[in-house]
Amino acid sequence: MTLPRDYRGQACALARSMEIVGERWTLLILRDAFYGVRRFGDFAAHLGVPRAVLTDRLARLTETGVLARLPEEGTGRREVYGLTPKGTALWQAVRSLTAWGEEFYAAPGGPRRVFLHAEDQDAVAPDGRCEGCGAAVPVQDLLVAPGPGLAPSAPDDDPVTAALARPHRLLTPLPTTAPPGRSTKGSPR
């Protein structure tokens, strides 16, 4: 039996929010969108999510205005997904859940990814403040960088995993063209 998407009888804002972002895979899709993933195939390869589920989640996020389908720059033939202002406003929730996971369910070796203030390269605390200058750092001024728990790169890494092996500004499209000889299989990273 398929679970309904709504929380009948619940009138609170959290229930309404969960109707949009509470399904399995949705928050990971959003995380990747913040990382700069924009193409359907890149989401599929990086997350290892079944394509039918990915299609459903992307359609739901698009119909609710969290993501928008946009023409891919330079091609004019392909559409990509980008966060809308409504979607970008979810950053604090995604970041807070990530910090909670790092505190209570830390990966061996430490976090696989860390967030840095692009301006001064200092770490950003879970509350969104730069540990160097103390400024509140907006999402567009954050870098995601490899952390101490990130596994070394492997020749069969998917293009997203390979691109995230280097510091990258959030919300900036990832360069995900697979180099010659590199697979596009899914990766749990």
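From the list ALA89, ALA45, pick out the single residue that is among the small types (Gly, Ala, Ser), within 18 Å of the chain's Cα centre (by Cα) and open to solvent by 60 Å² or more (accessible area, probe 1.4 Å).
Criteria check complete, one pass: ALA89.
Quick one: which helices (runs of 4 or more DSSP H) lie wholly within the stretch 25-100 and hold at least 2 residues that are over 22 Å from ALA162 (Cα atoms)?
Once the helices (runs of 4 or more DSSP H) in the stretch 25-100 are filtered for at least 2 residues that are over 22 Å from ALA162 (Cα atoms), what remains is 51-63, 85-88.
Go through GLU72, GLU79 for me and flag whichever is open to solvent by 40 Å² or more (accessible area, probe 1.4 Å), more than 24 Å from ALA145 (Cα to Cα) and of a type in the set (Asp, Glu).
From the options GLU72, GLU79, the qualifying one is GLU79.
Applying the selection to the stretch 133-177, what residues are of a type in the set (Val, Ile, Thr), part of a loop (DSSP other than H, G, I, E, B) and closer than 26 Å to LYS86 by Cα?
VAL137, THR172, THR176
For TRP25, all conditions in the list (1) closer than 20 Å to HIS168 by Cα; (2) open to solvent by 50 Å² or more (accessible area, probe 1.4 Å) hold save one; what is the number of the exception?
(1)
Can you pull out the residues in the stretch 13-54 that are farther than 13 Å from ASP158 by Cβ and either β-branched (Val, Ile, Thr) or touching a Lys or Arg at 6+ places or on another chain (Cβ under 7 Å) (or both)?
Within the stretch 13-54, GLU19, ILE20, VAL21, GLU23, TRP25, THR26, ILE29, VAL53 qualify.
Among (1) closer than 21 Å to ARG169 by Cβ; (2) out of contact with any helix residue (DSSP H, G or I) (no Cβ under 9 Å at 6 or more places or on another chain), there is one condition PHE34 misses while meeting the rest; what is its number?
(2)
Touching a strand residue (DSSP E or B) at 6+ places or on another chain (Cβ under 8 Å), touching a residue at least 12 places away in the same chain (Cβ under 8 Å) and not basic (Lys, Arg): is that true of ALA44 in this structure?
So ALA44 fails the test.
The values are calculated or read from the model by the stated rules, or taken from the named source; none is laboratory data. What you see is a predicted model, and the numbers here were worked out from it, not measured in a lab. Every residue, glycine as well, gets a Cβ built from its backbone with ideal geometry; the counts of neighbours run over all protein chains shown. SASA here: full protein model, heavy atoms, side chains in, ligands and nucleic acids out. Shrake-Rupley method; radii C 1.70, N 1.55, O 1.52, S 1.80 Å.
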